[in-house]
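The values are calculated or read from the model by the stated rules, or taken from the named source; none is laboratory data. Here the structure is a predicted model, which is why all the values come from computation and not from measurement. We place every Cβ from the backbone using ideal geometry, glycine too, and count neighbours over all the protein chains shown.
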Amino acid sequence: MLIEFDYRDDVCILRPKGRFATGVDAAYLHSKTEEVRNSGRRKVMADFRNVPYVDSTGIGFLVGLYTTITNAGGRFVIVGPHARVREVLDLTRLSSVMPIAADEAAGLEFLHAVEPAAHVAEQK
């Protein structure tokens, strides 16, 4: 698992790559959450197009990141999850809490909306 960052104007884009599963170093994940927090950006997009699988480790990271961003008054969206990842998000009911967009353009539209509805960009 590798998590890279991309910054586009006022948006922080996380680009994780690989299986997001048990064995990922907790300190590494914590440092990535801190990196997002320290970026000063309150709009965060997690681009999951290159993540074929998540387990409780990945879910825990997403929940922590979502909580950190939204508690600071920010917005968060997950973009392009694979079918297996979407299934996990649905089973855990996180897809009813965290906005999910089909692609980066829809994710950016959601983040820049003045009053975003909870799931305006939701992918079905």
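Computed values, structure above
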{"read-out": "Every residue from segment 26-51 that is more than 16 Å from residue 100 (Cα to Cα) and in a loop (DSSP other than H, G, I, E, B)", "value": "39, 40, 41, 42"}
{"read-out": "Residue 58 outside any loop (DSSP other than H, G, I, E, B), in contact with a strand residue (DSSP E or B) (Cβ under 6 Å, 6 or more places away or on another chain), at pLDDT below 95 and closer than 18 Å to residue 22 by Cβ", "value": "yes"}
{"read-out": "Every pair of residues 6+ apart whose Cβ atoms lie under 6 Å, when the first sits in segment 15-43 and is touching a residue at least 12 places away in the same chain (Cβ under 8 Å) while the second is assigned to a helix (DSSP H, G or I) and among the aliphatic types (A, V, I, L, M)", "value": "33/65; 43/111"}
{"read-out": "Verdict on residue 4 being of a type in the set (Asp, Glu), out of contact with any Leu (no Cβ under 7 Å at 6 or more places or on another chain) and part of a helix (DSSP H, G or I)", "value": "no"}
{"read-out": "Complete set of residues in segment 61-94 that are assigned to a helix (DSSP H, G or I) and among the hydrophobic types (A, V, I, L, M, F, W, C)", "value": "61, 62, 63, 65, 69, 83, 85, 88, 89, 91, 94"}
{"read-out": "Among the residues listed as 71, 38, 50, the single one being under 14 Å from residue 3 (Cβ atoms) and either at pLDDT below 95 or surrounded by fewer than 20 Cβ atoms within 10 Å (Cβ to Cβ) (or both)", "value": "50"}
{"read-out": "Segment 13-25, residues that are under 16 Å from residue 111 (Cα atoms) and touching a Gly at 6+ places or on another chain (Cβ under 9 Å)", "value": "13"}
